[in-house]
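Quick note: the coordinates plus some simple rules give every number you see, no bench work behind them. All values reported here derive from a predicted model rather than from experimental measurement. Virtual Cβ from ideal backbone geometry, glycine too; neighbours counted across all protein chains shown.
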Amino acid sequence: MSLLSIIEQKNRYKYGLKWQEVIATNQTQKDILGEDLFRDLPRKKVSAVQGQRDKNYIEYFEKNLRYLLKDFLLSSLSNCSWTLNVLHLGFGDKVYLNPIVIHILIQTPGYFTGNESAALKVLQETHEQINIDICQIRNSMLRSTDGDADKGGDDANKGGVDLKYSFKDLYRMYTPCPGLSIGREEFRPNIGSLAGFLKHKDDIYGLTCRHVVFPHAAFQTKGYKYRDGNEMSKLNISIPAPMDHDKTLEILKNNLKNVQTSIKNLRKYQEISNKDYSKQIRQKQEEENVFHEQIQEAENHQTSVGYVYAAPEESHKIPTYKGFLDWSIIRNTYPAPKNMLSPATNLCHNNQVREFIEYMKETHEWPKNKCEEYDAKLKGLDNAERIFVKNPNSASSTLCNDTIYFKPTSRTFGWKACSMNGIMSVQTILHAHDTPKTSDEHVFVGRHEGAISTKGDSGALIYELEACADGKSIALTPMAMIWSGSPNGGVVLQGFDDVTYATPVDVLLKDIETEMGWDGGSLEFHQALE
């Protein structure tokens, strides 16, 4: 029989996951609690449950546990928000050999405070032969009593982010490219990423998440459609998001100020010491000219790119899909948008991508030909002169849990690699004065401490990668759109640095067609003529 226990208050912080404390478990405390090492605690490592190694567990969970466990938790935890993830979780270095754990994180602040026996009751009523940990947010991390789920674009990076790294793509390209910062003009803290461009007949639309353009506190829960011709009601969209644009300008101006100070000091040293600093002064003057040009280009850049055209109601669901559908389409006001990305320079030096590929080889004991396939993909991406987005079809849009997927540069992160967990997460959201809303969501897992997304990446796409025969081009097939993850801070936490939640692209496209009253198959990713 499993050992059921409530963890003492003084030891709960030793669970090994940031922001969390463990309340109750049916594992031994030795297995779930880390040892104090001076000031630092060891971090638990996360790995996806997937492939042949975990096939039996996945089948058993889906057949015997998912629905029973979900129904029981909904009745037992009916007045709180919570998430359930099934992952390899432990302190061992070979992460895929760590035990599979059903991890339940209570998202409602202080839910078990003074009521720890309720967590034990949940364990007593669940299966004895599986590992279950029940956790809650640490009291020191509580920011609010609001029960809404935090999403990737909400209140993201209040001071904005510096977008100099994408200056060429952002301010000098003829049209924005997928992954760039996007936001509503009048809701500055709400920031996300542009997914890309969709085409319906002769019309082209931008795509991002609903919660990026409609923050919870600022808009009613019903769906939205723009009424053609009503100019006064337009909800204007900016690329980059206003706060990021301001931050980038601030950094550029500070850089200019610093280089001007350096020039002034070099001239002063040259005069005092009678040494020749003319070469250094010329180099600094060249930097000064670059910053002047960039500031002028950024200040003259037209950030307004269109307006919200449609979005479903909040927490939108359909009978044929068990997850939430969080999307918004944007009517563009700029010419000739196209789904092209800048070449990935020296991607082979990207440790997260390289290490993840090596990790997947080891985890799944791939045959030589499959290892060579991914080595070739990475080499092709590193050498690519052209990266374009390919329209998915029914044959190419099926997600698999033993495949490596890629997320190109988005608002906050560069190129990342990940794989899909074999067991979907259960998300239960309790809004104020509302009944709980539950969904099953696809989970994408990066390498340990290698998150593929953070706040402000909502709307970014996860792709499958194909190296083209010409050796100079890479085709990216959109597979899923990111809508949530585990941000650094915030009111409600999803639980893991390494975990990102995303919706299959084919499901999104079909739902947009249905909501807009368009024919099935009439919406696709726009392919611009070269």
Within-13-Å neighbourhood charge of residue 195 [Cβ basis; K, R +1; D, E -1]: +1
Cα-based shape type of the range 339-514, given that a ≥ b ≥ c are square roots of the gyration tensor eigenvalues and the cut on a/c is 1.5: prolate
Backbone N within the range 239-279 under 19 Å of label point (7 Å from residue 162 Cα along the Cβ vector): 240-263
Proxy reagent accessibility, fewest Cβ within 10 Å first, across 405, 307, 334, 501: 334, 307, 405, 501
Cut-off 13 Å, label 7 Å out along Cα→Cβ of residue 333, residues of the range 230-264 by amide N: 230-239
Gain in span if fully extended, residue 233 to residue 40, counting 0.36 nm per residue against the direct Cα distance: 64.2 nm
Neighbour-count order for 175, 398, fewest beta carbons within 10 angstrom listed first: 398, 175
Mean Cβ count within 10 Å, highest first, over the residues of peptides 274-283, 70-79, 373-382: 373-382, 70-79, 274-283
Alpha-carbon centroid distance for the pair the range 295-320 / the range 400-470, whole angstrom: 20
Theoretical gain in end-to-end length, residue 201 to residue 262 [0.36 nm per residue, Cα-Cα removed]: 16.4 nm
Gain in span if fully extended, residue 270 to residue 129, counting 0.36 nm per residue against the direct Cα distance: 43.1 nm
Per-residue Cβ neighbour rank within 10 angstrom, fewest leading, 429, 330: 429, 330
